[in-house]
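Shown next, in structure tokens, is the structure this report addresses.
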Amino acid sequence: MNESKEAKTKPEAKAWYLRPKSIIALIAAVVFLILVFQNWDSVSVRILFWTQTVPASLMYVFFAIAGFVAARITHRTRPRATGSVSK
């Protein structure tokens, strides 16, 4: 009877930090931080009639946050696969 209970249990899930998606996100974050810390030179930003001088790293961070927010706002979920094909 113990054998049937053990067979029905779900396999243990991997820790969040061992999943491929988390590893890729960590590598991307490290590369982004390297990019930010190496670019402290000032750049001139012109938007319409407004001109401002800011560090390039600040612009990278601003656009990364803007991209993250835009992705979260426009996120669409995929319908789950049901396993049966409807005709």
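Any read-out appearing in this document is the output of simple, stated calculations on the displayed coordinates, not a laboratory observation. Values in this document were obtained by computation on a predicted structure and should not be read as measured data.
Below, the figures for the structure above:
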{"item": "Coarse-grained scattering of segment 14-73 at q = 0.14, 0.22 Å⁻¹, given as base-10 log I(q)/I(0) from a Debye sum over alpha-carbon atoms", "result": "-0.55, -0.96"}
{"item": "Segment SER22-VAL45, length gained on full extension (0.36 nm per residue, minus Cα span)", "result": "4.9 nm"}
{"item": "Length-normalised contact order for segment 14-73 - Cα pairs under 8 Å, 6+ apart - percent", "result": "23 percent"}
{"item": "Additional length obtainable on full extension of the chain from VAL69 to LEU35, 0.36 nm per residue less Cα span", "result": "10.2 nm"}
{"item": "Amide H within-cut-off set for VAL43, under 5 Å, with H built and near neighbours excluded", "result": "VAL54, ALA56"}
